[in-house]
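Engineer: I have a structure here, written as structure tokens, and I will follow up with some questions on it.
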Amino acid sequence: MQNSFSFSRLWLLIKKQWFDNARLYLLSWLALVGVLSLVFFCWAFFNTGNRYDAEDSFVIFLLFLFPVGFIFANTTFQALGNKAKGTDWLMVPATLSEKLLTGIVYALVIFPVLYTGIFVVIQLITFFLITLNPHNNLSQVRDFWSDLKIAAMFFIPLQAAFLLGSVFFQRYTFVKTVLAIMIIGAVYALIIHFLTRSLFSGHLHFNSLFSVRTWEGDDSKIYSLTKWVTEVSEWVLKYIWTPVLLVATYFRLKEKEL
Amino acid sequence: MITVNNLHFSYKRKKVFNGLSLTLQPGHIYGLLGKNGTGKSTLLRNISGLLFPDEGSILVNGEAPRLRRPSFLQNVFIVPEEFYLPDITPAKLITHHAPFYPAFSKEQFDHYLREFEIPADQTMQSMSYGQKKKTLISFGLACNTAVLLMDEPTNGLDIMSKSQFRKVIAGALDENKCIVISTHQVKDLESLIDRITIIDDGKILFDQTMEEITRKLHFKISFDQHETAAALYSESSLKGNIIISRNTTGEESRLDLEVLYKSIILQQSNIQSAFQQ
């Protein structure tokens, strides 16, 4: 009996999820291809003049990546909100870590990779069609792939939050997760606000998350955390959310009863 | 095989079990009977690890269900009352679901599908509720798990399917398998189960083998007023008075599960007295 992690079982779970939902996935991806194509067509067609700014397309990328990704992540463990589907999911002979990892693979790997792939292909076709007209001028200053890395830093922890939301809440998981993120964000902002107000007097301005400028009349001061504290804090803020949220999802799944 | 010891379970404020203990052995088909809301499904869900006991312990083949280890899940299959099957064909079920069960037999699955007259190339969406249920029962049996739990398996099955169900289940039992069938449709289990456990109000009201029941009790239709009055339980019917009396002659009678069930619910002490001697 194999009760420890098994890659062959993980592969079986990934395949099972794909084939159990093949029709839904296929239709959803086709719909996304249609919508993205339509948006690119509108962007190219309704552009006034012959100047095209390729960076605009990154806005389109983010505009769909975040909401569609969150909806997708939120459906990952939504089966647990339904007694029949949840029973089927919990009774599959696999470890909890294999089941969680299957969800992670779909929400954090397959979705972003497929979405980016589809987007890049549609983008390339659109750019190619634009450049067919010699009078058109397509400018591209910033690098799409470096912008993508910054987007991923926000996207991945938020996806993990929506994964947790799909396990944590029984019903209306998407709306409740959005509300929970907004409430946690607001509480965090209020704590920072009252903390800085109690520490500093006069007018305040945040130069960054770790540096504050205060001034009273002509007297202005800048307060910053030391370099190493700033670096450690930045690292923690960037990378700690995803593992923390995924560990919370694991324990929530472990205690799930239906 | 299954040991339930001092089980306490409640849904928020509603207490379901208050110290229930039970032992189920392989090689038997257990009938778990009881009124609606007495905890039959809850007990099956506790045994399968879908619900966790508040107190007490459950062991299935020496494993705690709440841990939901693969070695446990490979040996327990539940056919729940509310079930889900993905919209794929039974053939795809073999490809994508069966590999999780090491003892799964494709031959058996095909055989059960034939018995139930289920087309193997039809997707679940195009099947009726009864056909889907029979597919799930076939799959559960073909997984060859040591424990097979079925919650109201005959609900939604037509008369022919119910008789197919009895035939299939009777043929599937072996000395290593423990089948537990929870139902309130007692007639459906007649001639199938070999031990009957009646739950009421979170307690075990009655727990006897069919052999012991027919050895101790005698079921008959009587027109004799004195015999009816002396019976442990009686009820009138169009055919006469159906009575349960002590089996003093050792002669075996045809057990009427529905009448037995009613007698235990309505006159438990009378029936129990026959087993206390």
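Only the coordinates and a few stated rules stand behind these numbers; no lab work does. All figures in this text were calculated on a predicted structure; none of them were measured in a lab. When we count neighbours, we look across all protein chains shown, and the Cβ atoms used for this are built from the backbone with ideal geometry, even at glycine.
Engineer: Non-local amide H neighbours of residue B:205 (under 5 Å, H modeled in plane, Pro and chain starts lacking H): which ones?
Structural biologist: Long-range HN contacts for residue B:205: B:198, B:199, B:200.
Engineer: Counting other beta carbons within 10 Å of each residue's own, what order do B:149, A:246, A:13 fall into, fewest first?
Structural biologist: Fewest-to-most Cβ neighbours within 10 Å comes out as A:246, A:13, B:149.
Engineer: Which residues in the stretch B:260-276 have a backbone N closer than 14 Å to a point placed 7 Å from the Cα of residue B:212 along the Cα-to-Cβ line?
Structural biologist: Backbone N within reach: B:272-276.
Engineer: Let me ask another. Sort B:96, B:218 so that the residue with the fewest other Cβ atoms within 10 Å of its own Cβ comes first and the one with the most comes last. Walk me through the intermediate numbers first.
Structural biologist: Values: B:96 18, B:218 21.
With the fewest neighbours first, B:96, B:218 line up as B:96, B:218.
Engineer: While we're looking at this one, here's another question. Taking 56 Å as R0, compute the FRET efficiency from the Cβ-Cβ separation of residue B:163 and residue A:183 and round it to 0.05.
Structural biologist: E between residue B:163 and residue A:183, to the nearest 0.05, is 0.45.
Engineer: Here's a follow-up. May I ask you to sort A:11, A:89, A:43, A:145 by Cβ crowding, counting other Cβ atoms within 10 Å and putting the fewest first? Before the final figure, lay out the partial values.
Structural biologist: Details: A:11 13, A:89 20, A:43 17, A:145 9.
Lowest count first: A:145, A:11, A:43, A:89.
Engineer: Taking a point 7 angstrom from the Cα of residue B:114 along the C-beta vector, which residues in the stretch B:78-96 have backbone N less than 20 Å away?
Structural biologist: Taking a point 7 Å out along Cα→Cβ of residue B:114, the residues of the stretch B:78-96 whose backbone N falls under 20 Å are B:90-95.
Engineer: Stretched out fully, how many nm does the piece from residue A:140 to residue A:231 gain, at 0.36 nm a residue minus the Cα gap?
Structural biologist: 29.6 nm
Engineer: For the residue pair residue B:57 and residue B:251, what label-to-label distance in nm results when each label sits 7 Å from Cα along the Cα-to-beta-carbon direction?
Structural biologist: For residue B:57 paired with residue B:251, the spin-label model returns 4.9 nm.
Engineer: Separate question: Could you please report the charge total around residue B:123, scoring K, R as +1 and D, E as -1 over all other residues with beta-carbon less than 10 angstrom from its beta-carbon?
Structural biologist: Local net charge: 0.
Engineer: A further question on this structure: Along the Cα→Cβ direction, 7 angstrom out, place labels at residue A:203 and residue B:229. What is the inter-label distance in nm?
Structural biologist: Rounded to a tenth, the inter-label distance reads 10.6 nm.
Engineer: Measure off 7 Å from each Cα along the Cα-to-Cβ vector at residue B:258 and residue A:152, then give the distance between these two points in nanometres to one decimal.
Structural biologist: Reported label-point gap for residue B:258 and residue A:152 is 6.7 nm.
Engineer: For the stretch B:149-277: lysine pairs with Cα atoms under 16 Å, gap of 8 or more or different chains, count?
Structural biologist: Lysine pairs, 8 or more places apart or on different chains, close enough: 5.
Engineer: Convert 37 °C to kelvin, take the viscosity as 0.692 mPa s, use the Kirkwood radius over C-alpha pairs of the stretch A:1-80 as Rh, and evaluate the Stokes-Einstein diffusion coefficient in µm²/s, rounded to a whole number.
Structural biologist: The diffusion coefficient I find is 206 µm²/s.
Engineer: When the chain is fully extended, how far beyond the present Cα-Cα distance does residue A:118 get from residue A:59, taking 0.36 nm per residue of separation?
Structural biologist: 19.7 nm
Engineer: Considering just Cα atoms, how many Å³ per residue does the convex hull of chain B enclose? Don't skip to the answer; put the middle values down first.
Structural biologist: Numbers: hull volume 39.7 nm³, N = 277.
In chain B, the Cα convex hull volume per residue is 143 Å³.
Engineer: Here is a follow-up. Residues of the stretch A:129-146 with backbone nitrogen within less than 15 Å of a virtual label 7 Å along the Cα-to-Cβ line of residue A:45, please, listed as ranges.
Structural biologist: Of the residues in the stretch A:129-146, A:130 have backbone N under 15 Å from the label point off residue A:45.
Engineer: Pick from B:23, B:249, B:123: which residue has the top mean-square fluctuation in a GNM of chain B where Cα pairs under 10 Å get a spring?
Structural biologist: B:249
Engineer: Taking amide H positions as placed in the peptide plane 1.01 Å from N, state which residues far from residue B:151 in sequence (5 or more) or on other chains have amide H under 5 Å from it.
Structural biologist: Those qualifying (amide H under 5 Å, at least 5 residues apart or on another chain) are B:79, B:81, B:182.
Engineer: Run through the stretch A:153-258 and list the trypsin sites (Lys or Arg not before Pro) located in a DSSP loop whose Cβ has at most 15 other Cβ atoms within 10 Å.
Structural biologist: Answer in residue order: A:171.
Engineer: Then there's this: Equivalent-ellipsoid semi-axes (√(5λ), Cα gyration tensor) for the stretch A:77-131, whole Å, largest first? Intermediate values should be presented prior to the final figure.
Structural biologist: Values: eigenvalues 282, 29, 8 Å².
Rounded to whole Å, the semi-axes are 38, 12, 6.
Engineer: Additional query: Based on Cα coordinates alone, diagonalise the gyration tensor for the protein assembly as shown, multiply each eigenvalue by 5, take square roots, and list the semi-axes in whole Å, largest first. Before the final figure, lay out each step's value.
Structural biologist: Working: eigenvalues 761, 175, 69 Å².
Value: 62, 30, 19 Å, ordered largest first.
Engineer: For chain A, take every pair of Cα atoms, bin their distances at 10 Å starting from 0, and report each bin as a whole percent.
Structural biologist: 6, 22, 26, 22, 17, 7, 1, 0
Engineer: Please work out the Cα center distance from the stretch A:198-235 to the stretch B:225-277, rounded to the nearest Å.
Structural biologist: 87
Engineer: Within the set of other residues whose C-beta is less than 15 Å from the C-beta of residue B:110, count the net charge using Lys and Arg as +1 and Asp and Glu as -1.
Structural biologist: With Lys, Arg at +1 and Asp, Glu at -1, the net is 0.
Engineer: Which trypsin sites (Lys or Arg not before Pro) in the stretch B:190-277 sit in a loop by DSSP (not H, G, I, E or B) and have at most 10 other Cβ atoms within 10 Å of their own Cβ?
Structural biologist: B:239, B:254
Engineer: From the convex hull of the Cα coordinates of the stretch B:99-163, what is the mean projected area in square nanometres?
Structural biologist: Dividing the Cα hull surface by four gives the mean projection, 4.8 nm².
Engineer: In addition: Running a GNM on chain B with Cα contacts under 10 Å, which residue among B:131, B:108, B:225 ends up with the highest mean-square fluctuation?
Structural biologist: Residue with maximal mean-square fluctuation among B:131, B:108, B:225: B:225.
Engineer: For residue A:56, what is the net charge nearby, where nearby means another residue's Cβ is under 14 Å from its Cβ and Lys, Arg count +1, Asp, Glu -1? Don't skip to the end; give the middle numbers.
Structural biologist: Working: positive: A:51, A:142; negative: A:53, A:55, A:147.
Within the 14 Å Cβ shell, the charges total -1.
Engineer: Additional query: Report D for the stretch A:54-146 in µm² per second (integer): Stokes-Einstein, Kirkwood Rh on Cα pairs, 4 °C, 1.567 mPa s.
Structural biologist: Translational D for this selection: 81 µm²/s.
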